[in-house]
1. Could you grab me the full set of residues in segment 41-61 that are open to solvent by 100 Å² or more (accessible area, probe 1.4 Å) and at pLDDT 65 or above?
2. Could you give every pair whose Cβ atoms fall below 9 Å, whose first residue belongs to segment 70-96 and is part of a helix (DSSP H, G or I), and whose second residue is open to solvent by 70 Å² or more (accessible area, probe 1.4 Å), counting only separations of at least 6 or pairs across chains?
3. What about residue 120, is it in a helix (DSSP H, G or I), at pLDDT below 80 and not acidic (Asp, Glu)?
4. For residue 88, work out the one condition from (1) at pLDDT below 80; (2) of a type in the set (Asp, Glu); (3) open to solvent by 80 Å² or more (accessible area, probe 1.4 Å) it doesn't fulfil.
5. Which residues, counting only those in segment 41-51, are of a type in the set (A, V, I, L, M, F, W, C) and in a loop (DSSP other than H, G, I, E, B)?
6. Just name the residue that is nearest to residue 49 (Cα to Cα) out of those in segment 1-29 that are among the small types (Gly, Ala, Ser) and open to solvent by 30 Å² or more (accessible area, probe 1.4 Å).
7. In segment 30-40, how many residues are part of a strand (DSSP E or B), open to solvent by less than 100 Å² (accessible area, probe 1.4 Å) and in contact with a Phe, Trp or Tyr (Cβ under 7 Å, 6 or more places away or on another chain)?
8. Looking at 100, 83, which is the one that is within 31 Å of the chain's Cα centre (by Cα) and at pLDDT below 90?
Amino acid sequence: MGITLREASEKVGVTRQTLMKAIKTGRVSAEKTDNGEWRIEPVELFRVWPPATGLQQSLQPELTDGDTPGLQAENRLLREQVAELREERNAWREQAQRLALTDQRTHPQPAPQRGFWSRLFSRQGDSPSGEE
């Protein structure tokens with residue numbers, strides 16, 4: 001009988017989702033127990049991932065009650081920065097829309113050029129449009 005996904009994820013330093021994906025794709029073989037729990041043999045696990053060292057940090061840092069006010073202040077600061085960036089984005093968007101509206105003026109169409117034969121056989125005083 002092997003180890004659980006949780007134990008395996010702690011031993012190699014990957015998430016349980018990563019382990020499940022590896023099982024589903026066949027990268028790692030595992031067995032499902034009668035109660036629906038996946039078990040992986042350590043040899044099979046270490047064939048794909050090296051054992052995690054004790055120096056690795058856990059995926060989620062340990063938070064204490066003393067950290068909460070600092071995190072709340074940081075969260076408030078980040079929300080203010082997001083609001084400022086949204087305001088800037090909206091101002092740039094408005095300016096781009098104004099410029100796009102003013103740039104939609106019609107450009108005068110150039111007069112059609114007369115062909116070679118009409119220029120060759122026309123008289124000196126003929127109009128460029130071919131009207132007499």
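1. Listed by number, the residues that qualify are 43, 47.
2. 71/63
3. Answer is no for this residue.
4. (1)
5. Across segment 41-51, the qualifying residue is only 49.
6. Step by step, filter segment 1-29, then rank; the result is 13.
7. 0
8. Result of the check over 100, 83: 100.
The values are calculated or read from the model by the stated rules, or taken from the named source; none is laboratory data. Remember, it's a predicted structure, so these values are computed and weren't measured experimentally. All Cβ positions, glycine included, derive from the backbone under ideal geometry; neighbour counts span all protein chains shown. The protein model used for the area step is the full one, side chains on, heavy atoms only, and it has no ligands, DNA or RNA in it. Shrake-Rupley method; radii C 1.70, N 1.55, O 1.52, S 1.80 Å.
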